[in-house]
Each structure stands twice: as C-alpha cells, then as structure tokens.
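The values are calculated or read from the model by the stated rules, or taken from the named source; none is laboratory data. These numbers come from a predicted model, not from an experiment. A quick note on method: Cβ atoms are made from the backbone with ideal geometry, for glycine too, and the neighbour counts reach across all protein chains shown.
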C-alpha cells in the first residue's frame, strides 16, 4: 500500500467534507462501542481478565525467542514449515516461492492486515498470480481498487449504495441495494473462486507454542473455506502473536470478540495444525507459516515495547474521537487510529508519519478500552518527543514553543501577559462574552465562537486564595 | 539467516543472550502446565445448569435448537426439518453411530456420506463438545467427518448429546487432548451460530460464506 501519511492534514480536511464518509462514520459510533459496552457488562470478570492478559503478554515478550522456537518445532513435527522473514520483502518472496513451487495461478485470501503491511497482492499480481480477497469487506475493496480503512471492518467507510454500484459494475447483474441480495451475490461469485484456488492464504490471531497451531477468528467462514479447499495453506503472521498454550489463548479469545465487535464469541474460531492427516478426506496437503518481523523485534526493550501486546481488536479506533471524525484512510497507511499512530512510525519512519501521533486529543479513551492495557497516549507522546529530537517538528510549532518558553521562564512577564491578553479578549468579545473571529485561531473560530476569559487569571486567583487562607 | 537475525534483535532488546537452561525449562514447563487462566464464574455450574446455559447462549448466537428424546429420533426429526425446508439431499459424516440409525423415515430424501461440494444444501455431522460459556460447538477434522461439511453447505445440522456439554473452553481443551494425546487433529472448529457479516453498510446479515443456518439436534440423556 502506498504511503499517504505525510498528507494526514490534507486527508483529514477532505474527509471532514466527504458527506458519504461522514454518514458512514456517523453510524459507526452506534455500532461497535455500544455492543462492546453491552458485552462487557455481561462478564463481571472482564477487568481482571484485562490485567491477566497484560501480564501474560509481558511474560511472553520476555520469553519470545523460547516460545517462537517451540512453536516452530511443533509446526515441523506436525509436517508443516515455518519461514522466518525479517522484512516485508523477505515475506513477499517466501510466499511467492511457495506459490510458484506448487504452480499456483490463483490464490484465495482470508483477511490479514500483515498481508496489507507487506503489500502482498500487488506483488503476486506482478508475478502473474491472481489474489482473490474473500472477506466480504476486503472483496468489495479489491473490486474498487480500494484499501481497508479499519482493521476488522475494512469497508466501514462505504455505504450500501457504494457496494450496490460496485457489484452492479463487476457482477453484471441487475443493480440491487438490498444488503441481503448483495451478500448472496458475493457468496455465489466467491464460491467458484474458493473451489478453484490453488493456494489459500490466511492470517492468524494467535500462534500456539504448545501444539504448533495457528488460529483465525472470523464471522463469515471465508477463512475456513480459504484454508480447507486449496492444496496449499499459507498462514502469514507476525512474531508477537505467539502464546504458550491453549489455555492462554482462551484468555485472549475471551477479550478479543468482546473488545472488537462486542460479541460474546466470534462465530468461527478455527485452529490449524499442520497439513491433512493420512485418513482425512479434505484439507490442504501443504501447510506453511510465514512469520514476519518487519520492525517488531526493534521494539523489544524500547519505550514502544508495550505496543507488542496489541491483539488487533480495534477497540482503540472504535472509541477514538479523531478516527470517528476523519476515518481510517486519512491516516495514510495500513494501521489507522491510536494503535496505528504508534505502529506506523515504527514501520515507515517518524519522518513520514509525524502527524499521526499528533492527531490525538489526549482524551485517553483508547487506553481505557484497550484489552491488554497499552498506554497508547503515552506511546504517542514518546513519538512526539522523537519527532522533536529529530528536528521534524514544523518551524511554527518550534517557534511557538520557544516563544512560550521565553515567557514561562520569566514569571512576572508571563503574568502580565496573561492578565493583559485576558483583558484584551474580554474587550474583543464585547457584551455577549464570545469572540467570533480571532487572529491565528481560525481553526477554532471558523467553526464555533471562543468564550472570553472570565474574571481574574488563575495565578491572580490563586494568590488571593492563598493570602485569604493565611488570614 | 532471518531467524538468527530476528532472535538476535529480540535478545538484544531483552538485554540477554540466548536464554539460560533454567529460563527455557521454566517456559517449557509453563507450556506443559496447561493451567487454566481466570475462568469466568458463569459456566461453573452443575451439569443441568450448563445444559441450560448452552441452550440460551447458542440461541442468542442465532443457532436453532431441536430437542430429541433419544438419538433414534434423529432420522425422523431430520426428515421433518428437511421436508419443511424443501430439501431432498443430505450430505452426511460417515460416523458409525450415525450409519447405524434407521434412516427409513427420510423416504425420498437421499443421505450420502462424502465430502461437501459447492452447491450442497444440507450437511449432517456430530461434534466433540458443546461449550456452555458461549453456546459454542467444538468440531474437529477426522477420517469420518470431513471439514468441508462444516462450511460449504447452506445449512449445517449438528448432533449434540447432553453428556457432551461442558462448561468452558478449558474443559473442551482437556477433552481434546485426552482424545488426541500426540498431536491435535488438522483443524479444530469452534462454531457459535451461523455465518454472518456486517461488511455491507454496517448492517448485520446472516449467511456470509459459511452456513446460513446452524441447527443443533440436542439429544436428551438420563442423568
């Protein structure tokens, strides 16, 4: 996927004026967050489970090499293969090699954000292999030449009308705007693809060291058809997804569905362990796991290590006021919302993504809902510090900060300035006490009025109060 | 080699070299301990309570429940359901306990034991367990029960005996390990209701790629 993160500000401005997008986002607020609240109200242990999940993830990171080694041994013992990939390039190559080795012409794909991260589809196409997205949302996007705007609901930015137009154009059938009819259409078209594909690629939510299993969590069942029908199943996943055993996996499963879609449990939780057994009548003959690092191991032992706990539930973006206003595409790369604002700089560089950790109101809602308690606002602040250290902060911000620092270091002058600007703003506001236009603050006053400061400054009030207390 | 490079970076980050023998042994013991994490209290009930919980949770997930007084009623109840839906072909798992039943009540409905194909309307399988906590069925691949039966047909009929109902996921893992001590079956499917998607206009629709209907034939057993 092309990187558009440097254009975040322009993207956001356009998104705010995009009426269909705003309609979709308006609806979005009443979906996932409401369902999540209902689901966790039904599970009294939810908060304690979050603590356990945080601690278990921390334990896993401390023993990451051991658990990964064990996972590989078990995959191999079951007749599968593990491919270790440091970079996106390595991972693309490993997958292409497997596909070419089995003479693949078409590949069906379950939803995988890691495959977006390594830009797999373009690479396969360039090498003469047709990738077919089978998750309904991803399929719609592929037909439109579009990209996911959300990590679990990729087509959340589209309305029914958009899908109706897209299917009408590509399926050559009468246009319908009934969601049930549209879904049936996609079901019929994709069925043929499932059956004829040579290779099926899925992601993985967790990798189980005990058994060498990978697990996918889906509602549609596309991931299951993707891995059951073709002769070769390739799992693409990243190194931080390993868990010690099935009991540990269950802990995360209890948190995942509730945090993301607000379901008690996702419809299909499917474990894959090696290729088909001698007496199996169906299932893949080859089983490959492509393990991607792509910058994750660099986060171990740094300020950003906590981010490796992420289980990709999307609760942070579902509750983020910035995401809710501008949508996922504004972020300009694969991972949007608060988790993306922490991950993207790690993967594409802070020089190309410095707007993202700044696109935060610091409201803390993301941290409040994170099932593994990642301190996302703190991690975004760390990126802002790095941005400043590397002199990437725009000169207006640097001058602004320098100007503020000049006054802040001279308290008498600071107080005089605060007092006189409050007086000046009160004069500007006139009788109604609100300012409708303020120089250099158009971002505020273009949309709403600025209330004028009331009464004395904080410092003056404080001083008065202290002396009052003493008397 | 990538693996070495990745491990080196992880170890540098952890400020240690290769793990000590003690650390490795501790992690391996952690894997083998199979100690349940926190298990929600909701499923810690007596068996009749777990059956009730399974019924309400699976219904909440939009699965349909049909009660049987005994397994011998299955052919008749399946025939009834299929006639009502207007289906004439049943693709079935090749389990001996299914084959031993008297399928005469099916009349002109055919029952074939094979893998599922595109275009099949109805499949019939057993399952390993029903998990009360969330009304989830656990199935796994095996010579007699091809996995395509669970996903390709439009309707999936599953036979569940009351004695197969357990409280939580951990109980089902224990059962699975007991049945397969050396390595897990190729696939284990936890299924909670029929397939669905809200990818079109954020409107939840049943029947995305997997079965549009999940029907559970719940067989009563003496306690």
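Summary table
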| quantity | calculated |
| --- | --- |
| Test: residue in the stretch A:409-427 that is part of a helix (DSSP H, G or I) and under 30 Å from residue A:33 (Cα atoms) | no |
| Whichever residue in the stretch B:154-170 is crowded, with 24+ Cβ neighbours inside 10 Å and within 11 Å of chain A (Cβ to nearest Cβ) and, among such residues, is farthest from residue B:65 (Cα to Cα) | B:169 |
| Selected residue (only one of A:250, A:260 is in contact with a helix residue (DSSP H, G or I) (Cβ under 6 Å, 6 or more places away or on another chain) and either surrounded by fewer than 24 Cβ atoms within 10 Å (Cβ to Cβ) or more than 11 Å from every other protein chain (Cβ to nearest Cβ) (or both)) | A:250 |
| Total residues in the stretch A:138-155, condition surrounded by 21 or more Cβ atoms within 10 Å (Cβ to Cβ), away from chain B (no Cβ under 12 Å) and part of a helix (DSSP H, G or I) | 0 |
| Search result, residues across the stretch A:428-437 that are part of a loop (DSSP other than H, G, I, E, B) and either farther than 12 Å from residue A:455 by Cα or not assigned by TED's automatic domain parsing to the domain that holds residue A:448 (or both) | A:430, A:431, A:432, A:436, A:437 |
| Matching residues, the stretch A:361-406, being more than 21 Å from residue A:350 (Cα to Cα) and part of a loop (DSSP other than H, G, I, E, B) | A:363, A:364, A:370, A:371, A:372, A:373 |
| Matching residues, the stretch B:171-187, being more than 9 Å from every other protein chain (Cβ to nearest Cβ) and outside any helix (DSSP H, G or I) | B:180, B:181, B:182 |
| Of all residues making up the stretch B:18-48, the number that are touching a residue at least 12 places away in the same chain (Cβ under 8 Å) and away from chain A (no Cβ under 14 Å) | 3 |
| Matching residues, the stretch A:37-48, being facing chain B (nearest Cβ under 8 Å) and either crowded, with 21+ Cβ neighbours inside 10 Å or not in a helix (DSSP H, G or I) (or both) | A:43, A:44, A:45 |
| Filter pass, residue A:93 being in contact (Cβ under 8 Å) with a residue 12 or more places away in the chain and assigned by TED's automatic domain parsing to the domain that holds residue A:244 | no |
| The one condition in (1) in contact with a strand residue (DSSP E or B) (Cβ under 7 Å, 6 or more places away or on another chain); (2) surrounded by fewer than 16 Cβ atoms within 10 Å (Cβ to Cβ); (3) facing chain A (nearest Cβ under 10 Å) that residue B:6 fails to fulfil | (2) |
| Unmet criterion (only one of (1) in contact (Cβ under 8 Å) with a residue 60 or more places away in the chain; (2) closer than 21 Å to residue A:230 by Cα) for residue B:145 | (1) |
| Any hit, the stretch A:168-184, residues being more than 8 Å from chain B (Cβ to nearest Cβ) and either within 30 Å of residue A:322 (Cβ to Cβ) or crowded, with 24+ Cβ neighbours inside 10 Å (or both) | no |
| The stretch A:76-85, subset more than 7 Å from chain B (Cβ to nearest Cβ) and within 28 Å of the chain's Cα centre (by Cα), residue nearest to residue B:31 (Cα to Cα) | A:82 |
| In the stretch A:340-360, the residues that are within 22 Å of residue A:319 (Cα to Cα) and assigned to a loop (DSSP other than H, G, I, E, B) | A:354, A:359, A:360 |
| Residue match in the stretch B:132-149 (condition: within 11 Å of chain A (Cβ to nearest Cβ), at pLDDT 95 or above and assigned to a helix (DSSP H, G or I)) | yes |
| Test: residue in the stretch A:95-103 that is surrounded by 23 or more Cβ atoms within 10 Å (Cβ to Cβ) and touching a helix residue (DSSP H, G or I) at 6+ places or on another chain (Cβ under 6 Å) | no |
| Which numbered condition residue A:234 fails, given (1) touching a strand residue (DSSP E or B) at 6+ places or on another chain (Cβ under 6 Å); (2) within 29 Å of residue B:36 (Cα to Cα) | (2) |
| Checking residue A:65 against (1) farther than 18 Å from residue A:249 by Cβ; (2) more than 8 Å from chain B (Cβ to nearest Cβ), the condition it does not meet | (2) |
| Residue B:11, sole failed condition from (1) without any contact (Cβ under 8 Å) to a residue 40 or more places away in the chain; (2) buried (at least 18 other Cβ atoms within 10 Å of the Cβ); (3) within 13 Å of chain A (Cβ to nearest Cβ); (4) under 29 Å from residue B:141 (Cβ atoms) | (4) |
| Selected residue [in contact (Cβ under 8 Å) with a residue 60 or more places away in the chain, surrounded by fewer than 24 Cβ atoms within 10 Å (Cβ to Cβ) and within 9 Å of chain B (Cβ to nearest Cβ)] from A:159, A:222, A:205 | A:159 |
| Test: residue in the stretch A:263-277 that is at the interface with chain B (Cβ under 10 Å from one of its Cβ atoms) and farther than 19 Å from residue B:189 by Cβ | no |
| Qualifying residue in the stretch A:215-226 (condition: part of a helix (DSSP H, G or I) and either under 19 Å from the mean Cα position of the chain (by Cα) or outside the structural domain of residue A:83 (by TED's automatic domain parsing) (or both)) | no |
| Which numbered condition residue B:74 misses (of (1) under 30 Å from residue A:244 (Cβ atoms); (2) crowded, with 19+ Cβ neighbours inside 10 Å) | (1) |
| Number of positions in the stretch A:356-378 that are crowded, with 21+ Cβ neighbours inside 10 Å and over 27 Å from residue A:35 (Cα atoms) | 2 |
